[in-house]
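Just so it is clear, none of the values below were taken in a lab; they were calculated from the coordinates. These numbers were taken from a predicted model, which means no experiment stands behind them. Quick reminder, even Gly has a Cβ in these numbers, built from the backbone with ideal geometry, and neighbours come from all protein chains shown.
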Amino acid sequence: MYRNMRWLVIASLVVLALVVGACGTPAPPPPEPTTPLPPPEDTPMPEAGTLEIFSWWTAGGEAEGLAAMYEVFEAQYPGVEIINATVAGGAGMEAKAVLATRMLADDPPDSFQVHAGHELIDTWVVAGVMEPVTSVFEDNDWLDVYPPGVIEVLSQDGEIWSVPVNIHRSNVLWYNTQVFDDNGLTPPTTLDEFFTVADALQAAGVTPLAVGDSGVWVDIHVFESVLLASMGPDAYRGLWDSTTDWNGPEVTDALEAFAQMMEYANEDHSALSWDQAAQLVVDGDAAMTIMGDWSEGYFKSVGLTPEVEFGYVPSPGTGGSFIMLSDSFGLPEGAPNRDNAIAWLTVCGSQEGQDAFNPIKGSIPARTDGDRSLYDVYLQSAMDDFASNEIVPSLAHGAAASEGWVTAFGDAMTLFVADLDVGAAQEAMAQACVDAGMCQ
Amino acid sequence: MTHARRERWLAFLMVLPSIILIAIFVYGFIGWTARVSLSRWDGIRPDYTWAGLDNYKQLFAGGGSVAARRFAIDLWNTFFFTLLFLAACVVVGLLLAILLDQKIKGEGIFRTIYLFPMAISFVVTGVVWQWIFAPGTETRLRGVNALLHSVGLDALRWGWYTDTSSIGPFHVALIPVIIAAAWQLTGYTTAMYLAGLRAVPEELREAARVDGANEIGVYRHIILPMLQPITLSALIVLGHISLKIFDLIYTMTGRGTGFVTDVPGIFMFETTFQGNHYAQGATISIIMLLTVTLVVVPYLIYSFRREVEL
């Protein structure tokens, strides 16, 4: 009896010691006060070590595209072992929670995937945890092959903050060619034409516009096209740096047009996701949908051929403009394998890396000298537009505004879609700009 | 004497590890969250500048900002969701338990069927019920609406969780969510009530019948009063689940158009991890904790008193 007791006491003391010991283990020493490393004289040639790449690309063409880019990297730097750190979850919200924890604990990956523009700048750059990559652009003479509109999206305070690997277009209207032919219609190029076409389709018993906004980002996505249509690219750009007034009449026009548009949408829009809405167009239940060009991948995955069964035009009133969003990789301050990370970024931004990634992902290269023969007919037309159009940033996908701003905007949209109260929505959007610290 | 003291020491040592772990990982982090809720932490970088109750005031600002509107809707939604979900679980659970208690054949099978949904993750339930209640449109009905149409009950078709209308502050879109939640957890109340029913001595029922009570009277005057403690425990256990509900609604409907199915848990998650408003997220968490406390603490006091009495 007593002997048992003694063992119990000893055992519990051991457990206690372990627990206290674990709690008391000093945290890994904070990194040495960062003496800023001199910018590399020439392209570094890492021979060995590891490279940890953090992303939320776990499925479909994205994961395969990333793997193709890894192959390009491994061919150039065979001694470096890549650690593919992925966290599943569609829009990356789960991944971001993990990333935030690691970054704040001074345990950054060597490079991580992030939407180019203000999602990177206002979340990570202002927090002082990123290193600019301007020197990578300069060393590789990329400033000549990346369009100025893209460089503008990537830049803040005179520095470039990430290397984009691809470009997606947000303002595309996809349509079922059969439905349009049957009703003798041509795809609309202006908002007015859109409503004329929509009336004709409704009279023919077809849902004019398919929307799947179970996630509020889809509402923001459609609305940014309408905003651009009602004010043009210059004023649209100004919305994000306070030179365009959120209380102005163009915003009112856009809200009214959006409200009118929603009356032509499928009634069950809030029960569907964007791909289920695309399926309505595939089935001919609906004629059109406004969505980014990842829709093309969806249409092709169900066996449709571009320009045969489905067609595409810039969303109504936005011809000549290209709302861009981009996945990019950045360089965290204190990356454990900085040389390898820079080598990775060099691959990401190279023509070879981008031409390996993009045909698989279904997007176009962020540079203007991609090998056209690798891309399909839609992507080629997107490459043409990208080279010639006005490039403006997407709000829904993190390029135009901070995440806090997008979230507040989404809350305003959630209420607006339900009550279609233009006045209240405009007030809430103006307030969101103030709360984001951009407007007075 | 020394023996008793030694035993007490031993007992203390045995629980010490869990005391330390709970102190750090439960109460420590609650305290830290409370501190963040009183700060100006907005953005990835922690900022512990004292903000007093500003974050709380912003959430409760009447009529003003979108955030305050959203939070007011969330509180109403939580109230109605909890009320109707508990009512459904208690009433249906009791009914099923009474039916099962009639010594029917294959009771084991039924018990398993009723209890089984509890074994499924809320995430799975949410996705499946999202499909079931997806309304479709006139020309391509889906889910329950297609079923109702096929049996000629078209009058009962409606938009389910896509409906943005409300009766007073009650959003009707909550009804399908409540059905899904009740489907999942009614088995729990059924099991509890069945155990309670089995604990009622047969002699008591017999005595009541001898005294001239009919079957309904037996239940009303003898059995239901004896089930009261079970009802209370069930309400507490389910109540704190429903006040904190997140995963079911997040996967089934999300916030809903016009926030018709939004709850504080979803608001907290989105504002923190999407909007980087850490202080606001912490504030919502603390308010959620307080609401749960309001329910749980009286119960703890009550059960503690009972233990003392016994």
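Here r is the Cβ-Cβ distance between residue A:234 and residue A:419 and R0 is 35 Å; the resulting FRET efficiency, rounded to 0.05, is 0.65. Close amide-amide hydrogen proximity is noted between residue B:136 and B:142, each under 5 Å apart and 5 or more residues distant or on a separate chain (H modeled in the peptide plane; Pro and chain starts excluded). Taken one residue at a time, the phi angles of the stretch B:237-243 give Karplus couplings (6.51, -1.76, 1.60, θ = phi - 60°) of 5, 6, x, 6, 5, 6, 5 Hz. Gly and Pro are set to x.
By other beta-carbon atoms within 10 Å, ranking B:103, A:361 with the fewest at the front produces B:103, A:361.
Between residue A:67 and residue B:301, the simple label model (points 7 Å from Cα in the Cβ direction) yields a spacing of 6.1 nm. Neighbour counting of Cβ atoms within 10 Å sorts the residues B:101, A:419, fewest neighbours leading, into A:419, B:101. For chain A, rounded, prolate or oblate, judged on the Cα gyration tensor with a ≥ b ≥ c (square roots of eigenvalues), a/c < 1.5 rounded, else prolate if a/b > b/c? It comes out prolate by the Cα gyration axes.
Which value in deg cm²/dmol, rounded to the nearest 500, describes the helix-derived mean residue ellipticity at 222 nm for chain B, given -39,500 (n - 2.57) per DSSP H run of n ≥ 4 and division by the residue count? Theoretical 222 nm ellipticity from helices: -21000 deg cm²/dmol. Taking the DSSP beta bridges with both ends in chain A, the antiparallel portion is around 60 percent. Just check the protein assembly as shown against the gyration tensor rule for me: Cα atoms, a ≥ b ≥ c as the square roots of the eigenvalues, rounded for a/c under 1.5, and otherwise prolate or oblate depending on whether a/b exceeds b/c. The shape class here is oblate.
Dipole magnitude for the protein assembly as shown: about 5380 debye, using +1 per Lys or Arg Cβ and -1 per Asp or Glu Cβ, origin at the Cα centre.
Among beta bridges from DSSP that stay inside the protein assembly as shown, the antiparallel ones total about 65%.
Treating only the Cβ atoms of Lys and Arg (+1) and Asp and Glu (-1) as charged, compute the dipole magnitude of the stretch A:94-142 about its Cα centre; round to the nearest 20 debye. The dipole of the stretch A:94-142 has a size of about 240 debye. Helical content of chain A, expressed as a calculated mean residue ellipticity at 222 nm, amounts to -14500 deg cm²/dmol (DSSP H runs of 4 or more residues, -39,500 (n - 2.57) each, divided by residue number, nearest 500). Residues whose amide H lies under 5 Å from that of residue A:331, counting only those 5 or more places away or on a different chain, are A:131; hydrogens are built 1.01 Å from N in the peptide plane.
About the centre of its Cα atoms, chain A shows a dipole size close to 1680 debye [charges on the beta carbon of Lys, Arg (+1) and Asp, Glu (-1) only; nearest 20 debye]. Cross-link check: pairs A:300/B:244; A:96/B:57; B:103/B:244 evaluated at a Cα-Cα cut-off of 31 Å; pairs beyond the cut-off: A:300/B:244; B:103/B:244. Between residue B:6 and residue B:226, the FRET efficiency estimated from the beta carbon spacing at R0 = 35 angstrom works out to 0.25. Residue-wise HN-Hα couplings along the stretch B:80-90, as the Karplus relation 6.51 cos²θ - 1.76 cosθ + 1.60 with θ = phi - 60° gives them from phi, are 5, 4, 4, 4, 6, 5, 5, 4, 4, 5, 5 Hz; Gly and Pro carry x. For the stretch B:127-132, backbone phi angles converted through the Karplus equation (6.51, -1.76, 1.60; θ = phi - 60°) give residue-by-residue couplings of 5, 5, 5, 5, 5, 4 Hz, Gly and Pro being listed as x. Taking amide H as placed 1.01 Å from N in the peptide plane, the amide H of residue A:162 sits under 5 Å from that of A:133, each at least 5 places away or on another chain. Note on B:193, B:48: ascending count of other Cβ atoms within 10 Å places them as B:48, B:193, the fewest first.
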